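Every number in this text was worked out from the coordinates using simple rules, so none of it is lab data. Because the structure is predicted, anything quoted here is derived from the model rather than measured. Positions of Cβ are backbone-derived with ideal geometry, glycine not excepted, and every protein chain shown enters the neighbour counts.
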There are 2 protein chains.
Amino acid sequence: MATELPATIYDVETPCALVDIDRVKKNVQRMIDNCTNLGVELRPHMKTHKTIEGGELMTAGTKRKIVVSTIAEAEFYADGGFDDIIFASPMVKERISKRVISLATRLEAFHVMVDSVVGMQGVIDTPLDGDKKWNVFMEVDCGYGRTGCVWDSDDALMICRKAAAAEHVRFQGLYNHCGNTYVPDKDQKSQIQLTTVDRLVELKKRLEADGIPVPRFGCGSTPSCSRPINNMGVLTEFHPGNYIFYDYMQVLVGSCSMDDIAMKIVTTVISHKPEVGTLVVDCGWNCISQDGCERPKDTLPLGYTPIVDHPELRMRAMTQEIGKIEGNGEAIDYSKFPLGTRLYLYPHHSCATAGLQPKYYVHSGDKILDIWIPNRGW
Amino acid sequence: MATELPATIYDVETPCALVDIDRVKKNVQRMIDNCTNLGVELRPHMKTHKTIEGGELMTAGTKRKIVVSTIAEAEFYADGGFDDIIFASPMVKERISKRVISLATRLEAFHVMVDSVVGMQGVIDTPLDGDKKWNVFMEVDCGYGRTGCVWDSDDALMICRKAAAAEHVRFQGLYNHCGNTYVPDKDQKSQIQLTTVDRLVELKKRLEADGIPVPRFGCGSTPSCSRPINNMGVLTEFHPGNYIFYDYMQVLVGSCSMDDIAMKIVTTVISHKPEVGTLVVDCGWNCISQDGCERPKDTLPLGYTPIVDHPELRMRAMTQEIGKIEGNGEAIDYSKFPLGTRLYLYPHHSCATAGLQPKYYVHSGDKILDIWIPNRGW
């Protein structure tokens with residue numbers, strides 16, 4: 001790659017993704033500090049950036065204790081020397097492929113997650129060769145309602161009993177994703193954080209009373225772990241992911257400031273359309289995603305993808321490779337944006353935008369230092 | 001790839017994309033027939049599938065006369081033996097990179113598109129080496145308002161005069177994308193088709209009256225070319241792209257039927273959440289995009305991504321690797337969808353969903369015949 005490296009951020013062809021390494025390092029260190037302060041281990045999620053380099057930074061070089069969202073990611077990190085990896089998606093028997101078995105066999109600790117009795121039984125019914133045991137976390141739903149076994153349900157107890165009793169299973173503990181902390185109101189967020197911890201603790205006690213040890217129990221989400229409450233210190237681990245890059249959505253829910261966003265898309269003004277009030281850039285939804293933007297874009301002060309240093313502009317709409325930018329309140333002064341002008345866009349949801357990139361140009365200030373190649377697929 | 005080829009569509013790991021080759025061939029042939037019937041040349045757009053194999057089918061094996069949306073695509077097809085390629089995005093001087101110059105030099109006919117006087121001047125000011133000339137189309141805006149020079153503007157005449165007069169430029173003609181034909185109402189669509197053709201013809205006459213020959217003039221969009229009106233027969237070429245796969249959006253605007261959609265995503269039921277009325281699948285917006293879905297999903301009869309053969313279900317929402325499916329009117333009968341059940345999703349906009357795939361499994365009936373690898377990036 002080195003031979004292809006553009007010298008500065010002004011030398012890249014557009015559109016493309018820039019990653020500000022200084023912001024990344026700051027974001028990563030802040031999360032490490034949050035965990036240290038609370039005495040909780042950090043198990044970062046790789047799903048946002050999906051790069052070896054980002055994983056090394058997030059694990060402070062240990063390459064241990066990570067979470068992944070796909071089997072392709074698990075293989076990518078295993079091949080890159082990482083271990084102690086949770087595949088954080090409910091396991092069912094039909095998903096136990098050769099690839100999953102290979103990961104469970106070759107890694108010291110490849111953890112699967114289950115959220116159903118049927119799923120748990122499926123793992124038990126598929127023993128690994130030799131002495132190797134399945135490492136199993138139970139996913140707990142503490143109120144978010146996406147996946148996970150409901151914290152106070154009979155099934156929660158039954159799953160853990162099965163895990164604890166099965167010869168070829170090592171029950172690792174409880175995993176929770178508190179996606180319901182993506183709320184702007186601080187008090188509401190604190191309440192959700194509190195409830196989440198309380199419910200995990202209550203379930204842990206119930207299991208222990210039943211004779212089932214719970215070595216680990218953690219929760220994750222970038223909003224909750226970026227602004228943790230003290231009670232979260234009772235947990236053994238956090239597993240946020242998005243914080244490596246952050247994005248506009250995280251700004252809107254109070255996780256970070258605009259100056260923390262470490263990923264930007266560079267784009268070029270390629271057309272002026274004063275008759276419809278837009279200027280057109282060479283970045284559409286094939287490069288910066290609208291996915292993950294649940295709020296109507298008209299309710300967002302800067303649109304769904306803020307234009308760096310230009311609050312007077314906003315993205316009106318996109319097609320595949322085209323972005324239509326309009327004035328944010330006032331008409332565009334086209335003389336300030338001649339054809340060929342470069343603009344920088346902050347992603348609304350960096351997980352979605354990162355997933356569209358074949359590479360990230362990593363820079364410090366203006367200088368490009370490296371190219372990171374993300375994993376993709378499933 | 002052949003060694004990795006799963007035998008049938010039931011053997012692939014989920015999530016992934018399936019491409020039904022029989023539907024592709026039918027869609028491709030229908031468009032060829034539409035063009036033949038009207039006496040118009042077909043110059044298919046590659047942006048949807050971005051594969052060599054799809055390009056060969058769409059050009060009926062000639063590998064000539066195509067349109068691309070990125071420079072990466074242009075290089076990919078040039079390397080694959082294709083020629084006569086339009087890069088259909090407004091060219092400005094700042095975009096004339098070494099890669100663009102290399103394409104213009106090595107191909108017999110690499111066409112750039114301009115929609116501004118400044119952009120045209122930028123091309124003129126960057127002559128190619130030797131005898132090689134720039135091939136230039138002017139993009140015309142006939143009312144869609146995205147990009148293109150407005151059909152009856154002074155600039156339109158000025159751009160073409162410059163192109164025709166410049167020593168190192170070969171003026172190729174007029175290019176129009178009538179994206180405003182993405183409307184469900186047939187009469188409204190016909191009116192837009194009519195207006196588009198009339199305006200292109202009027203501009204052509206104006207140019208010819210000015211002594212500027214217009215060898216080619218065409219329009220494109222899958223809705224307009226799938227249901228062409230007779231007047232479109234005066235054009236020299238059509239350049240639709242999406243029709244190779246079609247999608248639910250094209251069904252909604254009347255371009256095709258559900259049975260024409262040639263791309264599907266296979267996904268697995270991984271969790272039951274009766275307490276919130278959903279079943280959860282292992283496909284989120286990292287695999288099937290919501291981009292390109294402009295209408296509120298509640299107004300779409302089957303949601304934004306119909307579930308094949310299950311109109312009683314609809315996608316409620318997605319996160320990165322998770323899809324939450326709810327009952328479409330009535331509650332879900334979970335006994336019909338045990339954990340591990342496979343479901344098939346039609347993309348809302350196949351261009352966006354195809355852009356997320358590292359590969360397509362190409363099948364005929366149940367049997368998998370091939371894997372196609374799409375180009376990506378810029």
At 0.890 mPa s and 25 °C, plugging the Kirkwood radius over alpha-carbon pairs of the protein assembly as shown into Stokes-Einstein gives what diffusion coefficient in µm²/s? 90 µm²/s
Do the alpha carbons of any pairs in A:K25/A:K264; A:K93/B:K273; B:K25/B:K50; A:K93/B:K336; A:K50/A:K93; A:K26/A:K264 sit beyond 24 Å of each other, and which pairs? A:K50/A:K93
Could you give the angle, 0 to 90 degrees to the nearest 10, between helix A:21-38's Cα long axis and the longest principal axis of the Cα atoms of chain A? 30 degrees
Working only with C-alpha atoms, what are the Rg and Dmax values of region B:99-230, expressed in angstrom? 15.6, 51
Would you mind listing the distances between the B:D79 label point and the same position in each other copy? Use 7 Å along Cα-to-C-beta, nm, one decimal, shortest first. 1.8
Build a GNM of chain A with springs between Cα atoms under 10 Å: which of A:N176, A:N286, A:N242 gets the top mean-square fluctuation? A:N286
Please say if region B:71-112 is rounded, prolate or oblate, where rounded means a/c under 1.5 for a ≥ b ≥ c the square roots of the C-alpha gyration tensor eigenvalues, and otherwise the choice is prolate for a/b larger than b/c and oblate otherwise? prolate
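When Cβ neighbours within 10 Å are restricted to other protein chains, what is their mean count per residue of peptide B:347-354? Intermediate values should be presented prior to the final figure.
Numbers: counts 0, 0, 3, 0, 6, 9, 0, 1.
Counting Cβ atoms of other protein chains within 10 Å of each residue's Cβ and averaging gives 2.
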Highest GNM mean-square fluctuation among B:D259, B:D152, B:D247, for chain B with Cα springs under 10 Å, belongs to B:D259
Protection-proxy order for peptides B:260-268, B:122-130, each taking the mean of Cβ atoms within 10 Å per residue, highest first: B:260-268, B:122-130
If you count, for each residue, the other Cβ atoms within 10 Å and average over each peptide, how do B:341-352, A:338-349 line up from highest to lowest? B:341-352, A:338-349
Using a label point 7 angstrom from Cα along Cα-to-C-beta, what distances in nm, from shortest up, separate B:H310 from the other copies? 4.4
Taking square-rooted eigenvalues a ≥ b ≥ c of the alpha carbon gyration tensor, is region A:209-301 rounded, prolate or oblate, where a/c under 1.5 means rounded and, failing that, a/b exceeding b/c means prolate? prolate
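What average count of beta carbons from other chains do you get within 10 Å of the Cβ of residues in B:145-153?
Mean partner-chain Cβ count within 10 Å for B:145-153: 4.
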Sort A:83-89, B:107-113, A:35-41 by the packing proxy (mean of other Cβ within 10 Å over each peptide's residues), most packed first. A:83-89, B:107-113, A:35-41
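Per-residue mean of other chain beta-carbon atoms within 10 angstrom of the beta-carbon, peptide A:280-288? Can you show the working numbers first?
On the way: counts 6, 0, 7, 1, 6, 8, 14, 4, 1.
For peptide A:280-288, the averaged partner shielding equals 5.
For the residues A:Y144, A:Y175, what sequence is obtained by ranking on other C-beta atoms within 10 Å, fewest first? Display every interim value, and only then the final one.
Details: A:Y144 20, A:Y175 27.
If I rank by nearby Cβ atoms, fewest first, I get A:Y144, A:Y175.
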If you put a point 7 Å past Cα along the Cβ direction, how far is that point for A:I32 from the same point in each other copy, in nm, smallest first? 6.0
Note the angle between two axes, namely the Cα long axis of helix A:186-209 and the longest principal axis of the Cα atoms of chain A, as a number of degrees from 0 to 90, rounded to the nearest 10. 20 degrees
Can you give me the angle between helix B:154-165 and the longest principal axis of chain B, using Cα atoms only, in degrees from 0 to 90, rounded to the nearest 10? 70 degrees
If I take the Cα coordinates of chain A and project them onto the principal axes, what are the three extents in Å, biggest first? 73, 48, 37
